[in-house]
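Colleague: Mind having a look at this structure? Questions to follow.
Derivation of every value follows stated rules applied to the coordinates shown; laboratory data play no part. A quick note: this is a predicted structure, and the numbers were derived from the prediction, not measured. As a convention, Cβ positions derive from the backbone with ideal geometry for all residues, glycine included, and neighbour counts pool all protein chains shown.
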Amino acid sequence: MSRIGKKPIPIPAGATVTVKDRSVFVKGPKGELKRILPPYTAAEVNEREVLIKPLGTAKKGPAFWGLARTLVANMVEGVTGGFEKVLEFEGIGFRVNIEGGDLVFALGFSHPVRFPAPPGIALRVEKNIITISGADKELVGETAARIRNLKPPEPYKGKGIRYRGEIIRRKAGKKATASAQ
């Protein structure tokens with residue numbers, strides 16, 4: 001039995017959930033999301049809650065049951081409240097601007113790096129902080145990871161793009177290790 005899968009998902013006011021075959025559609029003030037349920041699971045909509053049920057007695061059934069419940073719960077939360085990731089960048093000469101919905105970075109390369117915003121994602125820039133927000137948790141996280149991979153933080157000076165609150169383990173440089181001997 002899945003402890004997570006057994007919990008019903010409450011549907012807040014302003015959101016609607018419909019199930020057609022194996023697809024779940026969620027509409028709310030922040031947008032619409034659609035997802036096909038994982039195997040061995042089915043969804044059922046009651047008054048103001050969604051129940052996820054396992055199908056069959058497959059060995060992987062409980063794992064997919066909990067996964068399906070979490071995916072649908074994230075969809076409901078996304079269309080009502082939305083999700084947000086915050087990135088910080090640090091480095092001399094590192095800049096970012098928004099041009100026509102795309103981010104244009106100056107990251108110390110010989111050319112500017114252009115990052116197109118995926119549909120459904122809103123990007124904001126304030127000084128050295130990039131805010132990524134949207135209704136789809138998976139898409140927000142993936143977009144943040146792709147932006148971070150443009151210039152990941154390096155361990156010697158900490159320059160690069162990092163998540164807010166991320167701790168970068170610093171390494172000692174050549175001078176620190178050479179003088180210790």
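Colleague: Find me the longest stretch of the chain that has none of the exposed GluC sites (Glu not before Pro), where exposed means in a DSSP loop (not H, G, I, E or B) with at most 14 other Cβ atoms within 10 Å.
Modeller: In the chain, the maximal stretch lacking such sites is 48-165.
Colleague: Could you point to the residue in ILE92, VAL140, PRO112 farthest towards the positive end of the range 83-163's charge dipole, with +1 and -1 charges on the Cβ of Lys/Arg and Asp/Glu respectively?
Modeller: About the Cα centre, the residue reaching furthest to the positive side is ILE92.
Colleague: In addition: For the pair ALA13/GLU99, report the inter-label distance in nm, with labels modelled 7 Å from Cα in the Cβ direction.
Modeller: 4.6
Colleague: Net charge around GLU142, counting only other residues with Cβ within less than 13 Å of its Cβ (Lys, Arg = +1; Asp, Glu = -1)?
Modeller: +2
Colleague: Report the per residue volume, in Å³, of the convex hull enclosing the C-alpha atoms of the range 83-163.
Modeller: 81
Colleague: Quick one: 3J(HN,Hα) in Hz for the range 126-134, Karplus 6.51/-1.76/1.60 with θ = phi - 60°, rounded, Gly and Pro as x.
Modeller: Karplus-based 3J(HN,Hα) across the range 126-134 equals 9, 6, 10, 10, 10, 10, 10, 9, x Hz.
Colleague: Give me the extension gain from SER23 to PHE109: residue separation times 0.36 nm, minus the current Cα-Cα distance, reported in nm with one decimal.
Modeller: Gain in length upon complete extension: 26.5 nm.
Colleague: Another question about this same structure. Place a +1 charge on the Cβ of each Lys and Arg in the range 43-109 and a -1 charge on the Cβ of each Asp and Glu, then give the dipole magnitude about the Cα centre in debye, rounded to the nearest 20.
Modeller: Dipole magnitude for the range 43-109 comes out near 500 debye.
Colleague: Please build a GNM for the chain, connecting alpha carbons under 10 Å apart, and tell me which residue among SER133, SER110, SER23 fluctuates the most.
Modeller: Result: SER110 has the largest fluctuation of those listed.
Colleague: Please work out, to two decimal places, the log10 of the ratio I(q)/I(0) at q = 0.18 Å⁻¹ from a Debye calculation in which every Cα of the chain carries one identical scatterer.
Modeller: -1.06
Colleague: Which angle from 0 to 90°, rounded to the nearest 10, does the C-alpha axis of helix 137-148 make with the longest principal axis of the chain?
Modeller: The answer is roughly 10 degrees.
Colleague: Which value, in debye to the nearest 20, describes the size of the charge dipole of the chain about its Cα centre when Lys and Arg Cβ atoms bear +1, Asp and Glu Cβ atoms bear -1, and nothing else is charged?
Modeller: The dipole of the chain has a size of about 820 debye.
Colleague: Show that you can apply the helix-only estimate: for the chain, add -39,500 (n - 2.57) for every DSSP H stretch of four or more residues, divide by all residues, and state [θ] at 222 nm to the nearest 500.
Modeller: Calculated mean residue ellipticity at 222 nm is -7000 deg cm²/dmol.
Colleague: Roughly how tilted is helix 61-80, in degrees to the nearest 10 and between 0 and 90, from the longest Cα axis of the chain?
Modeller: Approximately 70 degrees, to the nearest 10.
Colleague: Another question, then. Dipole of the chain (Lys/Arg Cβ +1, Asp/Glu Cβ -1, origin at the Cα centre): which of GLY81, ALA42, GLY61 lies farthest to the positive side?
Modeller: Comparing the listed Cα positions along the dipole, GLY61 ranks first.
Colleague: So for the pair ASN149, LYS171, with labels modelled 7 Å out along Cα→Cβ, what separation do we get in nm?
Modeller: For the pair ASN149/LYS171, the computed spacing is 2.2 nm.
Colleague: Assign unit charges at the C-beta atoms only (+1 for Lys and Arg, -1 for Asp and Glu), then state the dipole size of the range 3-80 relative to its Cα centre in Debye, rounded to the nearest 20.
Modeller: 300
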